[in-house]
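The values are calculated or read from the model by the stated rules, or taken from the named source; none is laboratory data. This is a predicted model, so every value here is computed, not measured. Neighbour counts are summed over all protein chains in view; Cβ atoms, including those assigned to glycine, are modelled from backbone coordinates with ideal geometry. Ligands, DNA and RNA are excluded from the accessible area calculation, which covers all protein heavy atoms including side chains. Shrake-Rupley method; radii C 1.70, N 1.55, O 1.52, S 1.80 Å.
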Amino acid sequence: MKTIKLLAVLFISTLVLTSCGDDHDDDHDHGSDEELITTVLYTLTDGTNSVVLEWEDLDGDTGNAPTITSGTLTANTSYTGTIQLLNRTESPAEDITLEVRAEGDEHEFFYTNTAGLTVTKTDTDGTNPIGIETTLVTGAASSGSLTIILKHEPTKPNDGTSVGAGGSTDVEVTFPITVQ
Amino acid sequence: MVIYQANAQDCNYSFSGKITDFHDNSLIVGASIQIINLNKFTTSNLEGEFVFNNLCEGKLTLEIKHVACETKRLVINLTKNTFKEISLEHHLEELKEVVVKTNTKTEVTSIEKSLKKEVISNFTDKSLGDALNTLSGVSSLNTGNSIVKPMIHGLHSSRLLIINNSVRMFDQEWGDEHAPNIDISSSDRIDVIKGANSLRYGSDAVGGLILIRPKKYAIKDSLFGSTTTSINSNGFGGNVTSEIIKTFNSGYYTKLQANYKRFGDFKAPDYYLTNTGLENINASFRTGFNSYEKGFDAYYSFVNNKIGILRSSHIGNVNDLVEAINNREPRIVEDFSYDINFPRQNIFHHLAKVEAFKRFKNLGKLSLQLDAQLNRRKEFDLRRGDLRDRPVIDLQLFTASIQPNLEINKFDNLKINTGFLVRYQNNDAIVNTGANTLIPDYNKYEVGTYAILDVDINETSEFSAGIRYDYSRIKARKWYVESDWTALNYDVLFPEFDTGIVDGLELLTRPEFTFNNFSTNLGYSKRFGKDYSFLFNYGLAQRMPNPSELFSGGLHHSAARIEIGFLTINKETANKFILSLEKNNENFGFSISPYYKQIDGFIQLIPTGIRTTIRGAFPVWEYNQVDARIFGVDIDINKKLASHFDYKGSLSLLQGDDLTNDNPLIHMPSANFSNSIMYSNNDFHQLKIGVNQKTVLQQNRFPDYNFTTLDPVTQQQVFVDISSTPPSYTLFGFSSSAVFYPFKKGSMEVGFNVDNLFNVSYRENLNRLRYFADDLGRNLNLKIKINY
């Protein structure tokens, strides 16, 4: 039994020695939300004219309600679209789109609408679409809404719907759309 | 075969005796005397005498217990009618730690349930909450299966005081997903005090008190210990726990203990619960000196928990939640793995304590306790880019206290305990997280004083009364979004907190609050008949709001909800009544404890609406205060069915009401009952085989906070059912154990247990992850304990 007792002492002391020690960084500055996305810009160009859809909430999850700037699209027109995600609480504003593009295999944008639009993703992470770059084709004059969803860690490839892709939602914004 | 032998013997012997106090030879009334190997019980009468008749010739292993005495064991070889005077160390209890000593009295008048070492050691690979969950009236609020918060009569978090080795735990207990950082394998006994808030520890035990007690060691030269190894099929893991104790004739003692636990992904009946693994390392060291006149005890422990949280529970917004609820299956199911990825918690808790006492003739005992704790909590979430490896929450809580106590015991039938407390607490919200902090930096100062009176009215009844006053002051430093500050009307209510310092959109504020809390306590106990007792407790408790109730404000990622606390939240006041009628008897015993709690200004967190953010819509949960009432009854029964068969059953009924809104209270435990039958044979390797059943009924009384939200994809309103409760479920379990003696010295105990025997799929209403996945499936457990 003496050996068992010795082994017990050894076991206990190994645990004690290996698990003490933890870093403590003591920084008393004002913390800020470095993941914050304040602004979603969807810029659509048909070659000559451009329309910018803007969804902005500068004070984050609480505080004031967001401001939504929509636009009017021309019927039966093909647009080139680009998404930009910004954190405008930083100066200069931080472009979060760069991070999303760098981690393209873990992100994907999804576009749904009730305004007769056809949105096609034109960029890839190497194999699968990301959706920062798109073409948007309008149909006949109508009105409705356009929803843009950014999923983090979705299933890739997927059935093209945000529900089918799963993952967790990083951005979900809806714009009213008029096509005339 | 054993029975034949017994029949062949002469079985007309009697064994009688008298129990006296070792110090003054006074008679000890009501001591329980058990012949362990025959499972016979009796108690000493008013003359301190007892008798067992119709005994066979042979060896008797006796255990003699009395509430204020050291339990004594002795072996007697019975060859004729025997009388023996047995002296108990009546004061030895007082040599124990302060925590145990003050409670020898509280025990008499308080209503409580205990877990002994044997039960605790069945839970070494689970948690404190799981172990306590086996007691009637105790349930738990879970986040998955590894984060288990104990709940007494539906109350948890800041409403329960957890006293670990006489130190009140401060481990950021305010959060729903913050489980107590306690290594249960280091404890010897756990008491749950439902009635009588022991005023010694604080005025805010609205729910009750959990006392985790160390063992008192005999004064003799000895070296002993034990090692337990446990292996489980669910999670493919287990733990190793070891303790070794050295005691000396001089009164000195030392104990070293450590525990290592490791599990991979747990499994529900139909799928693996991806990212639910865990790793714990705990160790403790204690040393001290004991004598009648003076003594000291020093204790240090650390707990390091790394706990994976179900991967599928990380959701982005309310539409993700709707999908999770509708899908029924977790959205991410991967093969088994030991990896602990994101989300996860990583927690360190250091606790150190020194206490010393000295006795003074014709006065009593003076003791002093110093303690300090450091709790560091890091919560990791799924994040983008460089923030990936940085915690989203990183809080460090430091607490230190000084507590002198004077126990005046010079009077015969009266004991007075009085003392005071000075405590300092600092919370440091570590800024390096790159996220807004939910809980701000603060300093808290507390001063408290109390006096407790214990009176022996007569041989069979006791009375206790106590009063306590606490002053606390909290000074915080928090950045508010300026538009929030004005929207909440704080610029009008609390202009004095505004520092005028603005950084971007945020305003620096310095909220300061002072609270004066009073509490009282009355207890009465009466024993009658052979083994009946009646107890009554009344308690008034007051609790100041905790930091999350005051300061929360923002998105709680893991819960996918915005949680908002308010500076206007005030203290809550509880009036608690509890009765208990008990019959302590091996052949048929029971306890019936009805209770009623009226809590004014009850602080609750409830859903109040929806807010649109750039991530989509989130439910908003706000703290508010209502008048509440919780009442119910806990019933326990034990019955001897046959010579080797014992039955145990328990039933808990509870109802909680929000009286202000005439609504049921949220997150209240539903009616539940359990039955178990145990076969035990002490003559054959102390063999024990048992089956148990536990049924939890569906909670039909819940507040309806369901809402609808716009699904942006379909542009349709969808119904979000966050309130409906899961159906009733019944689980069966199997347990067995036997003791062997393969070594010259010491013993080996082998146990085999099965949880959720029939691999039932179920969800528990009080599990916060019930929207996302089923609870655990079947688990086979093999346990080997070597005592040496």
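So is B:Phe302 in contact (Cβ under 8 Å) with a residue 12 or more places away in the chain, crowded, with 21+ Cβ neighbours inside 10 Å and under 30 Å from the mean Cα position of the chain (by Cα) or not?
yes
For the range B:409-420, does any single residue satisfy the condition of being open to solvent by 40 Å² or more (accessible area, probe 1.4 Å), away from chain A (no Cβ under 12 Å) and among the aromatic types (Phe, Trp, Tyr)?
The answer is yes; a qualifying residue exists.
Collect the residues in the range B:426-458 that are in contact with a helix residue (DSSP H, G or I) (Cβ under 6 Å, 6 or more places away or on another chain) and within 22 Å of B:Gln396 (Cα to Cα), keeping them in residue-number order.
B:Gly434, B:Ile439, B:Pro440
If I go through the range B:634-692 residue by residue, how many of them are on the phi > 0 side of the Ramachandran plot and more than 28 Å from the chain's Cα centre (by Cα)?
Summing the residues that are on the phi > 0 side of the Ramachandran plot and more than 28 Å from the chain's Cα centre (by Cα) in the range B:634-692 gives 3.
Pull up the range B:153-177, narrow it to residues that are of a type in the set (Ser, Thr, Tyr) and farther than 30 Å from A:Ile12 by Cβ, then point me to the one that is nearest to the chain's Cα centre (by Cα). Steps first, please.
Filtering the range B:153-177 for residues of a type in the set (Ser, Thr, Tyr) gives B:157-158, B:166.
So of that shortlist, the ones also farther than 30 Å from A:Ile12 by Cβ come out as B:157-158.
Working: B:Ser157: 11, B:Ser158: 12 Å.
Selected residue: B:Ser157.
Search the range A:150-180 for residues being within 7 Å of another protein chain (Cβ to nearest Cβ), open to solvent by less than 10 Å² (accessible area, probe 1.4 Å) and in contact with a helix residue (DSSP H, G or I) (Cβ under 7 Å, 6 or more places away or on another chain), and hand back the single one that is farthest from B:Val713 (Cα to Cα).
Looking at residues that are within 7 Å of another protein chain (Cβ to nearest Cβ), open to solvent by less than 10 Å² (accessible area, probe 1.4 Å) and in contact with a helix residue (DSSP H, G or I) (Cβ under 7 Å, 6 or more places away or on another chain), I get A:His152.
Strands (runs of 3 or more DSSP E) wholly in the range B:475-563 with at least 2 residues that are away from chain A (no Cβ under 14 Å) and open to solvent by 20 Å² or more (accessible area, probe 1.4 Å) - which ones?
Fully inside the range B:475-563 and qualifying: B:498-503, B:512-528, B:532-543.
Please pick out the residue among B:Tyr469, B:Tyr442 that is modelled with pLDDT of 90 or more, more than 21 Å from B:Ala205 (Cβ to Cβ) and assigned to a strand (DSSP E or B).
B:Tyr442
Out of B:Tyr762, B:Tyr679, which single residue is away from chain A (no Cβ under 14 Å), surrounded by 15 or more Cβ atoms within 10 Å (Cβ to Cβ) and assigned to a loop (DSSP other than H, G, I, E, B)? Steps first, answer last, please.
On the way: B:Tyr679 fails: assigned to a loop (DSSP other than H, G, I, E, B).
Result of the check over B:Tyr762, B:Tyr679: B:Tyr762.
So for the range B:746-753 (the condition being more than 14 Å from chain A (Cβ to nearest Cβ) and either within 30 Å of B:Asn663 (Cβ to Cβ) or touching a Gly at 6+ places or on another chain (Cβ under 6 Å) (or both)), does at least one residue qualify? Spell out the reasoning first.
Applying the first criterion (more than 14 Å from chain A (Cβ to nearest Cβ)) to the range B:746-753 yields B:749-753.
So of that shortlist, the ones also either within 30 Å of B:Asn663 (Cβ to Cβ) or touching a Gly at 6+ places or on another chain (Cβ under 6 Å) (or both) come out as none.
No, because not a single residue in the range B:746-753 is more than 14 Å from chain A (Cβ to nearest Cβ) and either within 30 Å of B:Asn663 (Cβ to Cβ) or touching a Gly at 6+ places or on another chain (Cβ under 6 Å) (or both).
Taking B:Pro180 and the conditions (1) of a type outside the set (S, T, N, Q); (2) under 15 Å from the mean Cα position of the chain (by Cα); (3) not in a loop (DSSP other than H, G, I, E, B), which numbered condition does it fall short on, given that it satisfies the others?
(3) is the only condition that B:Pro180 fails.
Can you tell me which of B:Tyr623, B:Tyr647, B:Tyr595 is assigned to a strand (DSSP E or B), under 30 Å from B:Phe494 (Cα atoms), at pLDDT 90 or above and away from chain A (no Cβ under 14 Å)?
B:Tyr623
Looking only at the range B:314-357, which residues are part of a strand (DSSP E or B) and of a type in the set (Gly, Ala, Ser)?
B:Ala352, B:Ala356
Taking the criterion of being at pLDDT 85 or above, farther than 30 Å from B:Ser461 by Cα and outside any loop (DSSP other than H, G, I, E, B), would at least one residue in the range B:29-44 satisfy it?
No, the conditions are met nowhere in the range B:29-44.
It is to be established whether one or more residues within the range B:403-425 are in contact with a helix residue (DSSP H, G or I) (Cβ under 6 Å, 6 or more places away or on another chain) and without any contact (Cβ under 8 Å) to a residue 60 or more places away in the chain.
no
Go through the range A:96-114 and give me each residue that's in contact (Cβ under 8 Å) with a residue 24 or more places away in the chain, part of a helix (DSSP H, G or I) and over 9 Å from the mean Cα position of the chain (by Cα).
Hits for the range A:96-114 are A:Arg101, A:Gly104, A:Asp105, A:Glu106.
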